[in-house]
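A.B. asks: Before I ask anything, here is the structure I am working with.
The values are calculated or read from the model by the stated rules, or taken from the named source; none is laboratory data. The shown structure was predicted, so the numbers you read here are calculated from the model rather than taken from an experiment. We place every Cβ from the backbone using ideal geometry, glycine too, and count neighbours over all the protein chains shown.
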Amino acid sequence: MTQSTQSKGLDLQTTEELLREEISGVLGDSQFDANKVPQWCQRIVTNVLKKLVEANKSQDFQYKYVVNTVVLERTGAGLHSTSSCLWDKTSDSSSSVQWNNEHVFCVTSVWALRCN
């Protein structure tokens, strides 16, 4: 499932594709290993942030980004998460992507806040 808010500046389809590619590139077909989760999360958020900055460098305005990722073992247990913010819905945006393989479940979210 993917959830997004619409924005006039940030290309949400491209952002969602970027999220899926980075999560898949880091986690691939990995077995869950609690000792590796911190490194996986760090790699995902770092890679996503770098690529978002690069992808939006040519725009006339800048964004500040918040990237969050959660990696869990797939056991059948549920996960509920909620976020809320006060922003300008005409220029700010968010996107959240769920990804999983047989052993690992990941949710990565991006919030893009236009600076000018």
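A.B. asks: Filter the stretch 14-34 for residues that are in contact with a Ser or Thr (Cβ under 7 Å, 6 or more places away or on another chain) and either under 17 Å from residue 70 (Cβ atoms) or not in a helix (DSSP H, G or I) (or both) and give the result.
C.D. replies: 16, 19, 23
A.B. asks: Taking the stretch 84-105 on its own, how many of its residues are out of contact with any helix residue (DSSP H, G or I) (no Cβ under 7 Å at 6 or more places or on another chain), hydrophobic (A, V, I, L, M, F, W, C) and surrounded by 18 or more Cβ atoms within 10 Å (Cβ to Cβ)?
C.D. replies: Matching residues across the stretch 84-105 total 1.
A.B. asks: Counting only residues that are assigned to a loop (DSSP other than H, G, I, E, B) and at pLDDT 90 or above, which one in the stretch 42-87 is farthest from residue 99 (Cα to Cα)?
C.D. replies: Applying the filter and picking the extreme gives 75.
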